[in-house]
Amino acid sequence: MNYSFATEDKGPEIKQLLSDSGLRHEDITTAQLKHFLLGWDGPTKLVAVVGLEIKNHRALLRSLAVAADYRNRGIATKLVGKIEDYAKSMEVDTLYLLTLTAESFFAKCGYQPIARDSAPAGIQETAEFKNLCPASAVCMARHLSAE
């Protein structure tokens with residue numbers, strides 16, 4: 001597995017993988033893609049993605065997806081670790097996320113459930129918080145600065 005950050009031309013492939021995984025992607029802009037980490041099987045087969053929306057020293061971890069044929073191989077865990085390292089390099093101290101299906105996975109990665117309305121304003125103003133994820137989604141956070 002090779003990893004690289006997204007380039008603008010990869011937008012359609014990323015959105016297709018997210019769509020195939022049942023994740024919303026309508027709000028993703030080409031400018032945001034610079035904070036998306038991709039996992040490749042060989043030079044051309046996109047099999048995994050995760051992204052950040054950075055708001056000052058906080059970020060929304062979003063769009064974690066692994067192609068169906070590549071699941072249960074530790075790829076998602078590896079991607080989360082790599083995007084957390086990247087977040088730290090960008091001086092992000094806390095990551096937030098919303099999930100409908102992966103609460104137990106993220107708990108194993110060190111994320112804790114929090115009240116959705118306790119997320120910072122910048123995070124709550126993202127399209128994912130405001131429009132894309134329903135109120136039933138679990139909000140979780142992980143503080144990176146204490147590590």
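Determine the shape class of the range 64-147: with a ≥ b ≥ c the square roots of the Cα gyration tensor eigenvalues, call it rounded for a/c under 1.5, and otherwise prolate if a/b is greater than b/c, oblate otherwise.
It comes out oblate by the Cα gyration axes.
Just how large is the dipole of the chain about the Cα centre, in debye to the nearest 20, putting +1 at every Lys and Arg Cβ and -1 at every Asp and Glu Cβ?
240
(1) 41, 32, 27; (2) 50, 31, 25; (3) 94, 32, 23: which one is Cα extents along the principal axes in Å as calculated from this entry?
Here the calculated entry is (1).
Which pairs in the list Lys15/Lys45; Lys15/Lys55; Lys15/Lys108; Lys55/Lys108; Lys55/Lys88; Lys10/Lys88 are over 18 Å apart, alpha-carbon to alpha-carbon?
Lys15/Lys55; Lys15/Lys108; Lys55/Lys108; Lys10/Lys88
Whole number in Å², please: accessible area per residue of the range 95-147, 1.4 Å probe, ligands, DNA and RNA not counted.
Counting only protein heavy atoms, the per-residue value for the range 95-147 is 53 Å².
Which one, Ala76, Pro120, Ala141, is farthest towards the positive end of the dipole of the chain when Lys and Arg carry +1 and Asp and Glu -1 on their Cβ?
Farthest towards the positive pole: Ala76.
For n ≥ 4 DSSP H runs only, could you compute -39500 (n - 2.57) per run for the chain, divide by its residues and tell me the 222 nm figure to the nearest 500?
-6500 deg cm²/dmol
The values are calculated or read from the model by the stated rules, or taken from the named source; none is laboratory data. Since this is a predicted model, take the numbers as computed values, not measurements. All Cβ positions, even for glycine, are placed from backbone atoms using ideal geometry, and neighbour counts span all protein chains on display. Ligands, DNA and RNA are stripped out before the accessible areas are found, and what is left, the full protein with its side chains, is counted by its heavy atoms. Shrake-Rupley method; radii C 1.70, N 1.55, O 1.52, S 1.80 Å.
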